[in-house]
Each structure stands twice: as C-alpha cells, then as structure tokens.
1. Residues that are within 30 Å of Ser207 (Cα to Cα), modelled with pLDDT of 95 or more and open to solvent by 50 Å² or more (accessible area, probe 1.4 Å): does region 118-128 have at least one?
2. Just to verify a result, which residue in region 129-146, among those that are buried (at least 19 other Cβ atoms within 10 Å of the Cβ) and under 14 Å from Ala198 (Cβ atoms), is modelled with the lowest pLDDT?
3. Checking the structure you have, find out if any residue of region 24-32 is open to solvent by 60 Å² or more (accessible area, probe 1.4 Å) and among the aliphatic types (A, V, I, L, M).
4. Among (1) free of Cβ contacts under 8 Å to residues at least 40 places away in the same chain; (2) hydroxyl-bearing (Ser, Thr, Tyr); (3) over 29 Å from His139 (Cα atoms), there is one condition Ser10 misses while meeting the rest; what is its number?
5. Please enumerate the residues belonging to region 206-220 that are in contact with a Phe, Trp or Tyr (Cβ under 9 Å, 6 or more places away or on another chain) and under 15 Å from Asp131 (Cα atoms).
6. Wholly within region 20-130, which helices (runs of 4 or more DSSP H) include no fewer than the required count, namely at least 2 residues that are in contact (Cβ under 8 Å) with a residue 60 or more places away in the chain and of a type outside the set (Phe, Trp, Tyr)?
Amino acid sequence: QIRNDPGGRSLKTLKILLTEMMELFPDELFHLGCDETSVSAACPPAAVRAMEKALLEFVESKGKTPVAWEEVRRRTKANTPKTVIQAWSKYHAYQTTAVGLPTIVCNQDSFYLDYVMTERPPYQQWVDISDKVVEQNMHLVLGGEVAMWSDNWCFDAPCYWSIDKRPPVGQEMFARKNDHLFAKSIQGMIWPRAAIAAGAFWNYQPSLDPKSEEFNATVLRQTEWLVERGVATCPPGCVCDQVTHCGTKLHGLT
C-alpha cells in the first residue's frame, strides 16, 4: 500500500504514472483498484481517503470515468458520484445502485474462477447480477466480470497474503524458465465457468435450471469443443490450480 506522504511525493508520482497509462489506453473507463486498503500508523484513514479521492478526481479531469473496487465506497468513502463500483465481497448491485452508483458485478462466491474451481459447482456462475435491483436503477448495472486472484503467483511469502502464512502455491512459476508452464496453468486457460458467467451476464434466464442434465451437458460440450481446438481448459469434474491440471502436477515442476 502506497503511503500518502505529507510532502505529496507519492501522489505526484502516481499522477505521472496514471497519465502515461491513460494515454496508452483510449477506453472511457479507467480502473484504479483501491481494494483491500488498510489502516496503519503510516496510513491513517483520512490520508488514505484523501489520496484515493484525489486520484479519482484526477482521472475524471482527464476525461475518463474511474472504476474502483467496492472498498472505495464501503471502507474509505472516497468515491465520487461518477465512480463505477466493482462489487466483489460485501456489496451487491442492488446496494450500490440504490445510492446512484454505476456498478460492475464480480462477487467472489460466483465469479472468482480460481476460488470457485475448488469450492463451487459450475452452476454457481448462473446467477442474476441484477437481483433485487429496482427497475429505475437497472441502467446502473453496467455488467459483470470474472476474475482470478494473482497472490498465488508471488515469488515469496512477503508479497503474498495468507491467513495461515503458507507459501504461495505457484511461486515456482515466477522463474522465467517456467514461462511455458505458466501458459498452461489456470492463468492461461479458457474456463467453461467463464462461459457460464458470460451467458448469465448477457442473457440471464431464470427458467433455465443450472442443475439440470441439459445445462451440464451443454457445459461439457463446450469444454470438448475447446479441447478439440487445442485450447487449454479445465474440464468439469477436474480440479486445476497454479501448478496442477486435473490433480496432476505440470510436467517440469519440482
């Protein structure tokens, strides 16, 4: 976490970096992150909020619409009226749209692929991201996104957050010699679950039963099509992580 130093050096440096990045990407939306911010002696709440708000307003001054994870609203309250909130943990679209904020849905219990791989069945991604959103706020639901935590790729423990302080599962992949294996692991896969989520984002149908044989057969067929085309994928019924595919360690790792 970057400290908002009294001299303003951090803020100045970040604005230079953001200016360069915004010039590289012509998109209207620009994601600032702002997630999992913490409070410490060096980073008191007021200083964290001031830095986030300054950066959000800076992005807007450049003609962009800022996007930030939900903590910018839930924790620091630094969001501007134009900030797009990306809901992932405690918030849902009906809560953020109720206060007039445009929202991207990415709730971890359905749309974090490395999380749902081992702990959620495929049908967990077939959900209505506009659930409980009132009609007059529907236009504020901009869509959904699937995501994946990258912590497990860290090369050592200090850059990795873990409750039990275990080392990162995929730290071996950090070495350049394993780049070819990295491309075959979950970060480089096209997931059947991502396709389910995309279908729900685009055309959710409450009458479609995600636990039905027809639904699961469709997911299986799509997986088979990907495999036939040589696309890396993790088939239904398999468990894949940063270093294994269907329970087998990728060849070449120790």
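The values are calculated or read from the model by the stated rules, or taken from the named source; none is laboratory data. From a predicted model like this one, the values you see are computed outputs, not experimental measurements. For neighbour counting, all protein chains shown are included, and Cβ atoms are generated from backbone atoms with ideal geometry for every residue, glycine included. What goes into the accessible areas is simple: the full protein's heavy atoms, side chains included, and nothing from ligands, DNA or RNA. Shrake-Rupley method; radii C 1.70, N 1.55, O 1.52, S 1.80 Å.
1. First, pick out the residues of region 118-128 that are within 30 Å of Ser207 (Cα to Cα): 118-128.
Those still in the list that are modelled with pLDDT of 95 or more too: 128.
When the remaining residues are screened for being open to solvent by 50 Å² or more (accessible area, probe 1.4 Å), the result is 128.
Yes, the conditions are met somewhere in region 118-128.
2. It comes out as Val146.
3. First, the residues of region 24-32 that are open to solvent by 60 Å² or more (accessible area, probe 1.4 Å): 24-29, 31.
Checking which are among the aliphatic types (A, V, I, L, M) leaves us with 24, 29.
Checked against the condition, which is being open to solvent by 60 Å² or more (accessible area, probe 1.4 Å) and among the aliphatic types (A, V, I, L, M), region 24-32 yields at least one hit.
4. (1)
5. none
6. Working: elements: 45-61, 71-74, 93-97, 108-111, 113-119.
Filter on region 20-130 gives 113-119.
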